Amino acid sequence: MGKPMTGIVLQDWKSGRLGEFGNPPGIPPMLFMFRHDVYRVLMAEAARRGIPIEYGKRFVDAKEGDDGVTAHFADGTTAEGDILIGADGIRSAVRSLIDPDAPGPRYAGLISFGALIKEPGIPSTEGKMNMPFGKKGFFGYQVFDDDTSVWFANFPQAEPMTPAQVRETKPEEWLRILTEAYAADRTPAAQLMAATRPDELIVVGPMENMPRVPAWSKGRMVLVGDSVHAPSSSSGQGASLAIESAIELARCLRDQPYAEAFATYEKNRRPRVEKVIAATNRKNSAKAAGPVMRIINAWAIKTFSKLAKPEKMAWVFHHRVDWDSPAAPGLGNVPEDARIIGPK
Ligand SMILES: Cc1cc2nc3c(=O)[nH]c(=O)nc-3n(C[C@H](O)[C@H](O)[C@H](O)COP(=O)(O)OP(=O)(O)OC[C@H]3O[C@@H](n4cnc5c(N)ncnc54)[C@H](O)[C@@H]3O)c2cc1C
């Protein structure tokens, strides 16, 4: 599954190279994959293991008793279990039950769009994803050897918009707005947008950051994934962090009673996820910058790229949860700068 991505080339609005980031040494190339492909694989595996999935259930409440917890759904049905794991995304209902004062997502000043198109009319980028900082917005594209292309645009929009407000504008109108905005750049952005049909445009919606979530668990309820640590999408790490956390939570529950397991899980995961989120928030402020800041950022990116070594980013990719070691705070979750555990 997925198409290899051997490097990311940062560019200015004239397609001038600001810097390039390759894969850190010792790991296979990153793979570009679509969400629907990931879902298909995960669902097939769940089916193979006989794990039931119920659709159309909206979780609305939970009640804890001495022996377990009961989840309540909008259709009036309930489900019981020893614990309740809230893997319900960035607008988590479980998070609000754990802590009614927990912060929600905050708009990051950008609206995100993307598309997968055929015959883009541009030569292959030979495994590289080009990312130009345009005059009016950040852009990214890769042209594959099979003459298909993916592109995405992070378009600055000062006034906060909800996902519903973004979708009120029709895809053809967004394509017109985007093509016009990116036309002044000497990059293939406008050409790729012109080659995109309205039904191919993915209106992703507002980019959001999640502030630090103070409480990860309470009683028999615990959070995992975007519900508790959602880096902005530009990190390219949200799903990876969610999967890592799910494995770590499973490891802790395997070895400890639930209350202890929840504490160990948070202790082992919080430092890493907050480090990734902090690194991503710095990236987003560069993308949402105004014209003057964009020139300063371009200079900073160029200088940084000359000094940056791929090894410095290895901590993001090399992380492993050591499933075989017993769960205890700090055990099986070695600090990134202390030891690199390569892929098995
Ligand atoms: C534009 C974009 C690009 C991204 N790119 C990357 C990338 O390159 N790499 C990467 O690793 N990550 C990326 N991410 C992040 C990644 O998609 C998320 O981090 C990941 O999906 C989080 O998984 P999750 O299961 O925690 O939450 P989600 O995927 O949000 O799943 C939550 C589920 O809970 C359901 N749900 C919500 N509320 C309720 C309720 N009350 N009752 C019942 N069900 C409910 C939802 O319908 C949903 O199915 C990107 C995100 C965006 C928006």
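The range 153-217 holds helices (runs of 4 or more DSSP H) entirely within its bounds, and those carrying 3 or more residues that are at pLDDT 95 or above map to 171-182, 189-194.
Given the criterion closer than 25 Å to Lys275 by Cα and within 14 Å of the ligand (Cβ to nearest atom), identify the matching residue among Val203, Val166, Val213. Before you say what the answer is, go through the steps one by one.
On the way: Val203 fails: closer than 25 Å to Lys275 by Cα; Val166 fails: closer than 25 Å to Lys275 by Cα.
Only one candidate passes the filter, namely Val213.
Taking the criterion of being buried (at least 17 other Cβ atoms within 10 Å of the Cβ), in contact with a helix residue (DSSP H, G or I) (Cβ under 8 Å, 6 or more places away or on another chain) and of a type in the set (A, V, I, L, M), the residues of the range 1-29 that qualify are Leu10, Leu18. Quick check, is Glu200 without any contact (Cβ under 8 Å) to a residue 40 or more places away in the chain and either assigned by TED's automatic domain parsing to the domain that holds Val94 or out of contact with any Lys or Arg (no Cβ under 6 Å at 6 or more places or on another chain) (or both)? For Glu200, the condition - without any contact (Cβ under 8 Å) to a residue 40 or more places away in the chain and either assigned by TED's automatic domain parsing to the domain that holds Val94 or out of contact with any Lys or Arg (no Cβ under 6 Å at 6 or more places or on another chain) (or both) - is not met. Of all the listed residues (Asp75, Asp66, Asp88), the sole one being over 22 Å from Trp13 (Cβ atoms), more than 15 Å from the ligand (Cβ to nearest atom) and either assigned by TED's automatic domain parsing to the domain that holds Pro231 or open to solvent by 50 Å² or more (accessible area, probe 1.4 Å) (or both) is Asp66. Report whether or not Glu266 is part of a helix (DSSP H, G or I), under 13 Å from Ser217 (Cβ atoms) and either open to solvent by 10 Å² or more (accessible area, probe 1.4 Å) or within 8 Å of the ligand (Cβ to nearest atom) (or both). Answer is yes for this residue. The residues of the range 35-63 include none that are open to solvent by less than 70 Å² (accessible area, probe 1.4 Å), modelled with pLDDT under 95 and farther than 26 Å from Gly114 by Cβ.
When you scan the range 244-260, how many residues do you find that are among the acidic types (Asp, Glu) and over 24 Å from the mean Cα position of the chain (by Cα)? Let's see the steps before the verdict.
First pass over the range 244-260, keeping only residues among the acidic types (Asp, Glu): 244, 248, 255, 260.
With the extra rule that they be over 24 Å from the mean Cα position of the chain (by Cα), the set shrinks to 255, 260.
So the answer is 2.
The values are calculated or read from the model by the stated rules, or taken from the named source; none is laboratory data. Values in this document were obtained by computation on a predicted structure and should not be read as measured data. Note: ideal-geometry Cβ built from the backbone for every residue, glycine included; neighbour counts use all protein chains shown. Please note that ligands, DNA and RNA were not included when accessible areas were found on the heavy atoms of the full protein model with its side chains. Shrake-Rupley method; radii C 1.70, N 1.55, O 1.52, S 1.80 Å.
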